[in-house]
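> Here it is, the structure, as structure tokens.
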């Protein structure tokens, strides 16, 4: 389900009810890390999902689909997979035809979440920390 300003409650409830829950976050810039920002997807919704799932005794997997700073932003996630430069998948692609292709990194990460392959690789950057105002502290 794609998170928008209009369906926040529906997204939170769907994620809390899901088993497992795999969240895909796309940080476009450091502004996206601040939960008060409206630049990109709302990180505050993901905070709520992780918190409410933990309160229900459930775990959450986060896929970072654009920049690796999501690993610093969502340390409470139970597992974090990093991909780079992913494009949005609004639906599962057909087996063939003009709409059958997506960049393989996001589908590969989703498959790894469900045990259909192993996640491998090494992060090519150092993951920064965030200060209390969600600003990056570069290592």
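> Quick check on my filter: what residues within region 58-67 are in a loop (DSSP other than H, G, I, E, B) and surrounded by 19 or more Cβ atoms within 10 Å (Cβ to Cβ)? Show your work before the answer.
So in region 58-67, the residues in a loop (DSSP other than H, G, I, E, B) come out as 58-59, 65-67.
Residues satisfying the conditions are 65, 66, 67.
> Still on this structure: Please state which one of 77, 112 is at pLDDT 80 or above, under 16 Å from the mean Cα position of the chain (by Cα), under 23 Å from residue 14 (Cα atoms) and assigned to a helix (DSSP H, G or I).
Every option except 112 fails the conditions.
> Determine, yes or no, whether residue 44 is more than 20 Å from residue 127 (Cβ to Cβ), free of Cβ contacts under 8 Å to residues at least 24 places away in the same chain, touching a helix residue (DSSP H, G or I) at 6+ places or on another chain (Cβ under 9 Å) and outside any loop (DSSP other than H, G, I, E, B).
Numbers: more than 20 Å from residue 127 (Cβ to Cβ): yes; free of Cβ contacts under 8 Å to residues at least 24 places away in the same chain: yes; touching a helix residue (DSSP H, G or I) at 6+ places or on another chain (Cβ under 9 Å): yes; outside any loop (DSSP other than H, G, I, E, B): yes.
Yes, satisfied.
> While we're here: Residue by residue through region 115-139, note down the ones that are in contact with a strand residue (DSSP E or B) (Cβ under 7 Å, 6 or more places away or on another chain) and either at pLDDT below 85 or not in a strand (DSSP E or B) (or both). Break it down stepwise before answering.
Just the residues of region 115-139 that are in contact with a strand residue (DSSP E or B) (Cβ under 7 Å, 6 or more places away or on another chain), to begin with: 119, 123, 128-131, 136-137.
Result: 119, 123, 128, 131.
> Tell me yes or no: at least one residue of region 91-105 is modelled with pLDDT of 80 or more, in a helix (DSSP H, G or I) and over 21 Å from residue 137 (Cα atoms). Let's see the steps before the verdict.
Here is the first cut: in region 91-105, the residues modelled with pLDDT of 80 or more are 105.
Restricting the remaining residues to those that are in a helix (DSSP H, G or I) gives 105.
Now restrict to residues that are over 21 Å from residue 137 (Cα atoms): 105.
Within region 91-105 (the criterion being modelled with pLDDT of 80 or more, in a helix (DSSP H, G or I) and over 21 Å from residue 137 (Cα atoms)), the answer is yes, since at least one residue qualifies.
> Right, residue 5: modelled with pLDDT under 80 and on the phi < 0 side of the Ramachandran plot or not? Even if it seems obvious, please write down each step before you answer.
Working: modelled with pLDDT under 80: yes; on the phi < 0 side of the Ramachandran plot: yes.
Criteria met by residue 5.
> A further question on this structure: For residue 84, only one of the following conditions fails: (1) over 23 Å from residue 137 (Cβ atoms); (2) part of a loop (DSSP other than H, G, I, E, B); (3) modelled with pLDDT of 70 or more; (4) touching a helix residue (DSSP H, G or I) at 6+ places or on another chain (Cβ under 9 Å). What is its number?
All conditions pass for residue 84, except number (1).
> Is it fair to say residue 14 is over 16 Å from residue 134 (Cβ atoms), without any contact (Cβ under 8 Å) to a residue 24 or more places away in the chain and out of contact with any strand residue (DSSP E or B) (no Cβ under 9 Å at 6 or more places or on another chain)?
It is false that residue 14 is over 16 Å from residue 134 (Cβ atoms), without any contact (Cβ under 8 Å) to a residue 24 or more places away in the chain and out of contact with any strand residue (DSSP E or B) (no Cβ under 9 Å at 6 or more places or on another chain).
The values are calculated or read from the model by the stated rules, or taken from the named source; none is laboratory data. Because the structure is predicted, anything quoted here is derived from the model rather than measured. Here the Cβ is made from the backbone with ideal geometry for all residues, glycine too, and neighbour counts use every protein chain on show.
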